[in-house]
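Heads up, the thing below is written out as structure tokens.
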Amino acid sequence: MSHQTPEDANHHLVQSEDPEHPANLIPSLCAKFWNLGWVTGTGGGCSIRNDDLVYLAPSGVQKELMKSSDIYVLSLAAQTDFKNRTYLRSPPVYKPSQCTPLFLAAFTKRGAGCCIHTHSQWAVLVTLLLETRASSSQGPGSSNNPRLFEINNIEQIKGFGKGYTKQGNLGYHDTLRIPVIENTAHEEDLTEFLEAAMEEYPDTYAVLVRRHGVYVWGDNVHKAKTMCESLDYLFQLAVEMHKMGIPWLSDIAETLPASKTA
Ligand code: ZN
């Protein structure tokens, strides 16, 4: 780039030979997520926090073609108002992502090191099934709450931490619960509802957005990515289970000890 904007003076913040540097990792992760159908048509995205610095993809960029020079950087400590954000480094030709305040909520309210947002069809379908089930008062689970996805007795649930304030991971018989918020016309307007869901479910690492997708966060990139993959697996499984009339919640935990003593 021959000309430099004042913001672009900090271009060095996104220049590194290290493939693990957030400015390199975000494009490589987004290219993988694009192949999974999670960030197609410029939707969805990924943000990484390294101590005080937050690395963000721009709005409207094709996720599989993103470059490290496309990445925004901001300092968490320097922000006084998340609606009027100031950036340490801005790419000259883009606008900041509408997902930014939602990513920042995961970093400031949960101390996350990475947050991933997908528009996965499985996530969208699960929220639609919950909505349909609530209006018809019957369906794959035992409750009819359209604002909560629940599943248990599936091995992949072990991939989730017990919670923000707890040690260890969920067990096979534990129930995984993911809150659902309603979509808004503008992505930024989801922030207050995402934060409210975090308050209501302090141990959750993800929030579904009805007819839209899912936000998943973790202490670091590895944890956020593996939980996002496990969730997508479970969402797909849940959709297929529903088609076959198999409930998402089973009482296998209670029936097993009884059959042992019989
Ligand atoms: Zn989105």
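The values are calculated or read from the model by the stated rules, or taken from the named source; none is laboratory data. Quantities reported herein were computed from a predicted structural model and do not represent experimental measurements. When we count neighbours, we look across all protein chains shown, and the Cβ atoms used for this are built from the backbone with ideal geometry, even at glycine.
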Inset, instruction - Could you list, in sequence order, all residues of segment 72-125 that are within 16 Å of the ligand (Cβ to nearest atom) and without any contact (Cβ under 8 Å) to a residue 40 or more places away in the chain? - result: K95
Legend entry - Considering residues of segment 156-191 that are within 16 Å of the ligand (Cβ to nearest atom) and surrounded by fewer than 18 Cβ atoms within 10 Å (Cβ to Cβ) only, the residue nearest to G218 (Cα to Cα): E188
Inset, instruction - Quick one: in segment 36-50, of everything that is surrounded by fewer than 24 Cβ atoms within 10 Å (Cβ to Cβ) and either at pLDDT below 95 or among the aliphatic types (A, V, I, L, M) (or both), which residue is farthest from the ligand (Cβ to nearest atom)? - result: L36
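Matching residues to (1) under 21 Å from G44 (Cβ atoms); (2) modelled with pLDDT under 95:
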residue: F160; (1), (2): yes, yes
residue: K166; (1), (2): no, yes
residue: G171; (1), (2): no, yes
residue: D174; (1), (2): no, yes
residue: V180; (1), (2): yes, no
residue: N183; (1), (2): yes, no
residue: T191; (1), (2): yes, no
Inset, instruction - Select, from L129, L65, the only residue that is over 18 Å from the mean Cα position of the chain (by Cα) and within 30 Å of T175 (Cα to Cα). - result: L129
Inset, instruction - Could you grab me the full set of residues in segment 193-233 that are closer than 19 Å to I151 by Cβ, charged (D, E, K, R) and either in contact with a helix residue (DSSP H, G or I) (Cβ under 9 Å, 6 or more places away or on another chain) or at pLDDT 95 or above (or both)? - result: E200, R210, E229, D232
